[in-house]
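A.B. asks: Structure provided below as structure tokens; questions to follow.
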């Protein structure tokens, strides 16, 4: 099977070449890519008509030759097919899916009809990428009369609803905001013919899987679904299997090799010179536009303030900024008002800045996919770029691992020093066009005056000072070893010794090594392996150092007076060490193991479980009449206490209070005699008792005297 592939645009007709297909996926080899870019020729098989409106737009933008991924997705055999496309960053995927869905949207005509419900959805992970895609599709579909609308977070939702109500052919959106519109009923997806997921892997990394599945379920099942990404991890393949129908896998060979237009450099710096190295890297290259990637928002704020204080025209781009601030930052980079952008991975995903020739990784990314997406901001559309990784010694292994997984080879070296930056400044200064420009009439008088008043050395020195004042001074960096640590050579012939101290005596290599070196007058290079057993330790010593070791220990063969050391005839045969499982808590008590305690089934009894009784369910207590004791008398007047009547139980079980008479109240009944001794009677002649007696005599009963 052969598939024709368009190569150039001429009179609105593509001329096509033969493209070999291997298996279910479409793969472009180097020879085919070279022929597609015009570096080789292939026999023309046939021609395919192209929509005149789209061809006009491409011609105005100077698209004489399409990129390989754009040519691969525009084959006539793939019209209307679901595609899973992966290609290098900066390979023109946005224009690629714009060309791929054009036949589905336009049909037989060259222009769109009246705008109404959207015909296509383009979903991007970030606001900046969504607005960038909208700009690219606007000029691509401008002659076709397309109306585009955007639905992104941070924008006024009422304006977006008005735009959707007016009608649009293509809607570019972020997943969260698009789902909000769907749930509010402000967008109609019944007419959608094509759905494009741009940077699909990033959307899954950001946790948009649920939103994407919700959106795809709301669209018609006969739609055309395209997924574009620089990498295709297993999560993307699983999503494609669920929501695509007989998808064609399109990938270029360049996806699996290093980007030819990006120069990767790993720069070793000391831990305290990380930010100084970033300043020197920016000064060394003096790129028209540069982007510095950080892992956190806090680092973005810190580095932005540092670069701004050093005189760089810098802007920040992170998730904590408002949409207006982020748009202004990108516009400043495009207008030339800012030359350095400090950004996080998510905020800068997929953005395309003009003349961005330098990418600096202030902090190493967490995965090789992130490294590829970061570096893909440069080396776009045929421009050369540099991707510089700032690596501290403690992160060297991580950097090597990330580069290995990304299948990249970087040039290792040190960061530019202050002398190298100054030398590069002199080269740029002497290469400026001002030295070759003619002196104008307006400048003649001032030039003659300077020549008459100052010597040539003074004029040159003044120019040099003015040139340095316009640029930030480089930083002095400390020296750090760039050489990769060499692997340890083979130990060679050796002799084994056993020591009467093992794991049960808390022996460890970190204390055995200095002990043996000190006792035997040898160095750590003379000791090979150290193996621990329960009650013994085995030490390997270089054979050439054994005689001196034995002489230093002496005939007693003891170390530190009590530890016996014995020479062995052969290497010990020890089983592989397994780390013990700690089953005891720090206090010494056995730690409960998971699974040892079975869960209690409270409903396994024959009788149903009864609930805890409530207070109202309890039966009223039986009150027993208690006769007053003979010795119990009123503590005031000496009269015996009256017997209390039992309270009558109410239907609900609560005792029914007795009726009150005046100020006197009936006390609550008791089931037993009062506890403790009776209160003292007091003297009858006391002032209080005499007053009570008088009140009782005058009114009768146990009257209480009034207070004065």
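The values are calculated or read from the model by the stated rules, or taken from the named source; none is laboratory data. Just so we're clear, the structure is a prediction, and the values are computed from it rather than from any experiment. Here the Cβ positions follow ideal geometry from the backbone for every residue, glycine too, while neighbour counts run over all protein chains shown.
A.B. asks: Just for strands (runs of 3 or more DSSP E) wholly inside the stretch 169-251: which have at least 2 residues that are under 13 Å from residue 84 (Cβ atoms) and under 26 Å from the mean Cα position of the chain (by Cα)?
C.D. replies: 194-198, 224-229
A.B. asks: What's the total number of residues in the stretch 508-541 that are crowded, with 19+ Cβ neighbours inside 10 Å and farther than 19 Å from residue 573 by Cα?
C.D. replies: Qualifying residue count for the region: 4.
A.B. asks: Could you list all residues from the stretch 70-80 that are in contact with a helix residue (DSSP H, G or I) (Cβ under 9 Å, 6 or more places away or on another chain) and more than 24 Å from residue 382 (Cα to Cα)?
C.D. replies: The answer is 76, 78, 79, 80.
A.B. asks: Residue 131 passes all but one of (1) at pLDDT below 90; (2) more than 24 Å from the chain's Cα centre (by Cα); which number fails?
C.D. replies: The number of the failed condition is (2).
A.B. asks: Name, by its number, the condition in (1) in contact (Cβ under 8 Å) with a residue 40 or more places away in the chain; (2) farther than 14 Å from residue 127 by Cα that does not hold for residue 367.
C.D. replies: (1)
A.B. asks: Restricting to the stretch 294-307, count the residues that are buried (at least 16 other Cβ atoms within 10 Å of the Cβ) and outside any helix (DSSP H, G or I).
C.D. replies: Counting residues in the stretch 294-307 that are buried (at least 16 other Cβ atoms within 10 Å of the Cβ) and outside any helix (DSSP H, G or I) gives 2.
A.B. asks: Before we move on, is residue 553 within 19 Å of residue 502 (Cα to Cα) and touching a strand residue (DSSP E or B) at 6+ places or on another chain (Cβ under 7 Å)?
C.D. replies: Judged against the criteria, residue 553 is not a match.
A.B. asks: Right, next: Of these, 279, 291, which one is buried (at least 19 other Cβ atoms within 10 Å of the Cβ), assigned to a helix (DSSP H, G or I), modelled with pLDDT of 90 or more and not assigned by TED's automatic domain parsing to the domain that holds residue 200?
C.D. replies: Sole residue among the options that is buried (at least 19 other Cβ atoms within 10 Å of the Cβ), assigned to a helix (DSSP H, G or I), modelled with pLDDT of 90 or more and not assigned by TED's automatic domain parsing to the domain that holds residue 200: 279.
A.B. asks: Sticking with this structure for a sec: Does the stretch 473-482 include one or more residues that are within 30 Å of residue 551 (Cα to Cα) and either surrounded by 12 or more Cβ atoms within 10 Å (Cβ to Cβ) or touching a residue at least 60 places away in the same chain (Cβ under 8 Å) (or both)?
C.D. replies: Within the stretch 473-482, none of the residues are within 30 Å of residue 551 (Cα to Cα) and either surrounded by 12 or more Cβ atoms within 10 Å (Cβ to Cβ) or touching a residue at least 60 places away in the same chain (Cβ under 8 Å) (or both).
A.B. asks: Let me ask something else about it. Which residue out of 401, 374, 383 is in the same structural domain as residue 269 (by TED's automatic domain parsing), in contact with a strand residue (DSSP E or B) (Cβ under 9 Å, 6 or more places away or on another chain), in a helix (DSSP H, G or I) and closer than 30 Å to residue 258 by Cα?
C.D. replies: After ruling out the rest, the residue left standing is 374.
A.B. asks: Give the stretch 308-323 a look and list any residue that's surrounded by fewer than 22 Cβ atoms within 10 Å (Cβ to Cβ) and free of Cβ contacts under 8 Å to residues at least 60 places away in the same chain, or say none.
C.D. replies: 308, 309, 313, 319, 320, 321
A.B. asks: Mind telling me which of the residues 474, 416 ends up being assigned by TED's automatic domain parsing to the domain that holds residue 394 and assigned to a loop (DSSP other than H, G, I, E, B)?
C.D. replies: Just one listed residue meets the conditions, 416.
A.B. asks: When you go through 272, 302, 334 one by one, which is the residue that is under 20 Å from the mean Cα position of the chain (by Cα) and at pLDDT below 95?
C.D. replies: The match here is 302.
A.B. asks: Consider residue 214 against the criteria (1) surrounded by 14 or more Cβ atoms within 10 Å (Cβ to Cβ); (2) touching a residue at least 40 places away in the same chain (Cβ under 8 Å): it satisfies all of them except one. Which criterion is unmet?
C.D. replies: Unmet for residue 214, out of (1) surrounded by 14 or more Cβ atoms within 10 Å (Cβ to Cβ); (2) touching a residue at least 40 places away in the same chain (Cβ under 8 Å): (2).
A.B. asks: Moving to a separate point now. From 495, 451, grab the single residue that is surrounded by 10 or more Cβ atoms within 10 Å (Cβ to Cβ) and in contact with a helix residue (DSSP H, G or I) (Cβ under 7 Å, 6 or more places away or on another chain).
C.D. replies: After applying the criteria, what remains is 495.
A.B. asks: Can you find, within the stretch 251-262, the residue that is farthest from residue 97 (Cα to Cα) among those that are modelled with pLDDT under 85 and touching a strand residue (DSSP E or B) at 6+ places or on another chain (Cβ under 7 Å)?
C.D. replies: Applying the filter and picking the extreme gives 261.
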